[in-house]
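Asker: Mind having a look at this structure? Questions to follow.
The values are calculated or read from the model by the stated rules, or taken from the named source; none is laboratory data. In this text the structure is predicted, and so the values were computed from the model without any measurement. Cβ coordinates were reconstructed from backbone atoms using ideal geometry, including for glycine residues, and neighbour counts include every protein chain displayed.
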Amino acid sequence: MKEIFIDLSLADFLVQLHEDDTKENDTCYYITHLQSGAIGISSKKLSQLENKKQALLRCINSKQFQKWYKKKKLRETEDLVDINTWLRMNCF
């Protein structure tokens, strides 16, 4: 069976940066996947880029995102099966 991939883009996420005005280099990223509601947060004392990467990884590795992803893949697979059935019935 072929692996099903789904397309994700930055538009699928809400990225919020919160900076602490009292401390230098203290940043916190909140990344929310809009369709699943999954959230990833990173506020370690890392660079902004590293915090952003960490928050995104936490978001896509969350149970909520994984549950949404499995449902999405299942729908995509069902669509492929329906298309294949239709092709067999109408093209042969």
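Let's see how each residue does on (1) assigned to a strand (DSSP E or B); (2) at pLDDT below 70:
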position	(1), (2)
Ile6	no, yes
Leu14	yes, no
Lys23	no, yes
Thr32	yes, no
Asn51	no, no
Leu56	no, no
Phe65	no, no
Asn84	no, yes
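Asker: On to the next question. Could you give me the residue pairs with C-beta distances under 7 Å whose first residue belongs to segment 37-66 and is within 14 Å of His18 (Cα to Cα) and crowded, with 17+ Cβ neighbours inside 10 Å, whose second residue is among the aliphatic types (A, V, I, L, M) and modelled with pLDDT of 90 or more wherever it lies, and which are 6+ apart or on separate chains?
Answerer: Close Cβ pairs (under 7 Å, with a partner that is among the aliphatic types (A, V, I, L, M) and modelled with pLDDT of 90 or more) amount to Gly40/Ile31; Gly40/Ala55; Gly40/Leu56; Gly40/Leu57; Ser42/Ala55; Ala55/Ile31; Ala55/Ile41.
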